[in-house]
Structures are given as C-alpha cells and as structure tokens.
Amino acid sequence: MARPAASRCPPQPTPDRLFLTRALTATALLAGLCGALLWLDRGEFAALVAAVVALGAYEWGRLAGLSRVRLFLYSAACALLYGAILYCTLGNPVLWAAALFWIVAAPWWLAAGVTAHRPGALLAAGVAALVPAGLAMAALPPRYLLLTLGLVWISDTAAYVVGSAIGRHKLAPSISPGKSWEGVGGAVVGGLIYAIICAALEPVLQSRVQGAVWVPYLGGAMLLCAVSIVGDLFESALKRQAGAKDSGKLLPGHGGVLDRIDSATATLPVALLLMQAIGAT
C-alpha cells in the first residue's frame, strides 16, 4: 500500500533547531559585515553593496512576477543605477526622495491594502527601496552604519519579545498577522534605550547630543523605529501578494536577502539624513 502523501513531506525543523540556524546565520553575516568594514576600502565596500542591491532586486523582481531574463535585467539595472548615482554624487536628493517614500508613500500604500498593488508599481517601489538604501550604506561611516543596523536589530527583537508576550491588538492582520501594536511599543522603547546608550558612549554623538538637541535626537530614534516597521510590513505585503513565505533561500533560517534587510532598506536613508542634520557625519 502506498504511503500517504503527508508522510513523504520533508520534516520541518524544530523551533530550537530553527533558532540555532538563524543565530548562526546572523552571526556569520555580522562577522562578514564587520570584516568588510575593517579590511575593504570605501570603493571596494561600495562594490560589495552593489552586489547586495542586485541580489535584493533579483528577489524583489521574482516576487513581483518577472520572468528569468527580466529578473537579471532588473537586478542589473538597480545595481547600475546605484553605481551611477554614487559616482555622480547625487545621493542626497535621492535620499530625501526615499525618506518621503518610507514616511509618506509606503504607509499610505499599505493602508490601501495588498490588493491595490500592481507589478509595475512594485518594481518602481523596489528601485525606491533598494537603491537609496545602498547609497546610504556606502555613505555612512562604518561606526554609524553598525549603530543604525544595531537599532534595527534591537527594535525588531524588542517588538518580537513584547509582541509574543503580551501582543493582543493586531497591527496589520491582513499583511502580517503576527505583528501587534504592543510589539510596536516594545520596538520604540527598545530603540530609545539603545539610542540613549549610543549617545552616552559614542564620542561624536556624545558631543553633538546635548541640552535641547536630545529632543530631536530621540524623536529621530522614534522615527527610525517607525520606518523600520514600515519596511518590514512592506516586504511582508510583497510576499503575501506573491504567495511566498520567504523572498528566497540564500540565508539559512532567514530566507532571502530581502528577508534580512527589509527593515534596513527603510531605515538607512533616513538615518543618514538624521546624522547629517545633527552634524555627526
């Protein structure tokens, strides 16, 4: 007698094994990033970022439904556009456009509902998300790049812990059922604590963030926490429209490149503009 189809399905990893896989992958990625920042010059690091932009664009295009040839063309176009803007030093207008996208357009887009999304608009949104994030990643001084990514990771972890413990009110059930408003509060509190520690310990921030500057500084930290959540939700909406759980399979335990950088794509351009505003870069 033939076995039931369910018995032939590959076994799913246990929660402990999945957590270990995610932790090992995250550790390897962090070590690789720190090594790149230490040993690569700015031009070499910018080239590495171009590869990340291309990989992210490939996954974005696949979720948007592009054919294989168009996928390669789209990812190459995003990487070339990133390089052209970086070479022509036109980054700041692009960063401002990206900030407006994440602060104004993306929340409105999410509020309109997943069914409002269209492939052409999604591809344009991919350019708006990935190219400015690459520009900010290449432009931020190494210590501030790590501090910004740290804020993303801390707020994301705080949101998960608080949301899992006491989350009752869903943030966007049609897009990401696991996220809650309680998790958003945890993300903001975690991000603020992290930002205060950074301002107390990092010498340049310590010299800039004094007196009345604390108010815009902490307001900026709250804004970064908010846009990181928007970035996460935006990629979740893209995956939900495509009927995919992950954007890819490149990173064990995490999925694809987009699954790892979704929040950072929104946070990095805004962080660079805020750092410039307080004279920290």
Report task. Collect residues whose amide H, placed 1.01 Å from N in the peptide plane, falls under 5 Å from the amide H of Ser180; neighbours closer than 5 in sequence don't count. Result -> Leu171
**Report entry** Largest to smallest principal axis extent of the C-alpha atoms in the chain, angstrom
**Finding:** 76, 45, 40
Query raised in the report: Given a 1.4 Å probe and every protein chain left where it sits, what share in percent of the accessible area of the chain is carbon and sulfur?
Result: 71 percent
Query - Using alpha-carbon coordinates, inclination of helix 42-63 to the longest axis of the chain, degrees - result: 40 degrees
Requested in this report: Work out the charge dipole of the chain with +1 on the Cβ of Lys and Arg and -1 on the Cβ of Asp and Glu about the Cα centre, then indicate which of Ala84, Leu73, Leu145 is farthest towards its positive end.
Outcome: Leu73
Query raised in the report: Measuring with a 1.4 Å probe in the full set of protein chains, what accessible area per residue, in whole Å², belongs to the chain?
Result: 52 Å²
Query - Translational diffusion of region 58-130, µm² s⁻¹ [Kirkwood Rh, Cα pairs; Stokes-Einstein; 4 °C; 1.567 mPa s] - result: 98 µm²/s
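Sort Lys179, Lys245 by heavy-atom solvent-accessible area, probe 1.4 angstrom, most to least.
Listed by decreasing accessible area, they come as Lys245, Lys179.
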Query raised in the report: How would you order 260-270, 183-193 from highest to lowest mean count of nearby Cβ atoms within 10 Å?
Result: 260-270, 183-193
Query - region 107-153 versus region 209-233: alpha-carbon centroid distance in Å - result: 16 Å
Report task. Note down the magnitude of the dipole of the chain about its Cα centre, charges +1 on Lys and Arg C-beta and -1 on Asp and Glu C-beta and zero elsewhere, to the nearest 20 debye. Result -> 820 debye
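The values are calculated or read from the model by the stated rules, or taken from the named source; none is laboratory data. Values in this document were obtained by computation on a predicted structure and should not be read as measured data. Cβ: placed from backbone, ideal geometry, glycine included. Neighbour counts: every protein chain shown. Accessible surface areas use protein heavy atoms only, side chains included; no ligands, DNA or RNA. Shrake-Rupley method; radii C 1.70, N 1.55, O 1.52, S 1.80 Å.
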